[in-house]
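The structure under discussion appears below in the form of structure tokens.
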Amino acid sequence: MRRVAKTKKVVWTSDPHYPFQHKKAENMFLDFLDDYHPDVVMLGGDVVDFYPISDFNKSPERRHTLQDEIDSAQPFFQALDKLAPRVVFFEGNHEARLKKLVGKNPGLYKLRALELPKVLNLPTGWEYVPNQK
């Protein structure tokens, strides 16, 4: 007799770019997760924009700090942690801006406080996949 593997319900999302996320889309996504009960949610990067440390010209209309951006994503992380038994966070090119900043300041290299999961205060148990892995 053949065994049939249990199907896993996987949800993939990416690019909310906190603090520039679309609030209505965020609420719809969280409502969907609450109804669907996924086994795993995969965050495909660019969850936080890291706009203040980008190399691009900055708009004076977007006045906020890097900490403001990180803080703006915390309610989403907390909600997701409650709605999914497993979350995998894939670093995107926007999160990689932090590595680029560290690369320009070698004295910060290997500073554990600047590891992305710590900087973003990702919930315990989340899997983190560095960029380009």
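The values are calculated or read from the model by the stated rules, or taken from the named source; none is laboratory data. Just so it is clear, the model here is predicted, and its values are computed rather than measured. Glycine gets a Cβ as well: all are built from the backbone with ideal geometry, and neighbour counts include every protein chain shown. Heavy atoms of the whole protein, side chains included, go into the accessibility calculation; ligands, DNA and RNA do not. Shrake-Rupley method; radii C 1.70, N 1.55, O 1.52, S 1.80 Å.
Do the alpha carbons of any pairs in Lys9/Lys118; Lys24/Lys104; Lys58/Lys118; Lys24/Lys58; Lys23/Lys82 sit beyond 30 Å of each other, and which pairs? Cα-Cα > 30 Å for Lys24/Lys104; rest within. Considering only Tyr128, Thr13, Ser59, whose Cα is most displaced toward the positive end of the charge dipole of the chain, charges sitting on Cβ of Lys, Arg (+1) and Asp, Glu (-1)? Of the listed residues, the answer is Tyr128. Each residue of segment 61-70 was assigned a 3J(HN,Hα) from its phi angle through the Karplus expression (A = 6.51, B = -1.76, C = 1.60, θ = phi - 60°), giving 6, 9, 9, 7, 9, 4, 4, 4, 4, 4 Hz with x at Gly and Pro.
The solvent-accessible area of Tyr128, taken with every protein chain present and a 1.4 Å probe, is close to 60 Å². Couplings for segment 40-48, taken from phi via the Karplus curve 6.51 cos²θ - 1.76 cosθ + 1.60 with θ = phi - 60°, read 8, 10, 10, 9, x, x, 6, 6, 10 Hz in order; Gly and Pro are left as x. In the chain, the calculated helix contribution to ellipticity at 222 nm averages -10500 deg cm²/dmol per residue, counting -39,500 (n - 2.57) for every DSSP H run with n ≥ 4.
The relative contact order of segment 29-86 comes to 59 percent, based on Cα pairs under 8 Å that sit 6 or more residues apart. Phi-derived couplings, Karplus 6.51 cos²θ - 1.76 cosθ + 1.60 at θ = phi - 60°, listed residue by residue for segment 89-102: 9, 8, 5, x, 5, 6, 5, 5, 4, 5, 4, 5, 4, 5 Hz, with x used for Gly and Pro. Among Ser59, Ser14, Ser72, the residue with the largest mean-square fluctuation in a Gaussian network model of the chain, with springs joining Cα atoms closer than 10 Å, is Ser59. Summarising the amide proton neighbourhood of Met42: residues at separation of 5 or more, or on other chains, whose placed amide H is nearer than 5 Å comprise Val11, Trp12, Thr13, Val88. Short-range pairs are left out: with C-alpha atoms under 8 Å and at least six residues apart, the relative contact order of the chain is 27 percent.
Where (i) 0.96; (ii) 1.03; (iii) 1.22 are the candidate values, the label of the one calculated here for Rg/Rh (Cα atoms, Kirkwood Rh) is (ii).
Rounded, prolate or oblate for segment 1-50? Axes are the square roots of the Cα gyration tensor eigenvalues, ordered a ≥ b ≥ c, and the cut-off for rounded is a/c under 1.5.
Taking the square roots of the gyration eigenvalues as a ≥ b ≥ c, segment 1-50 is oblate.
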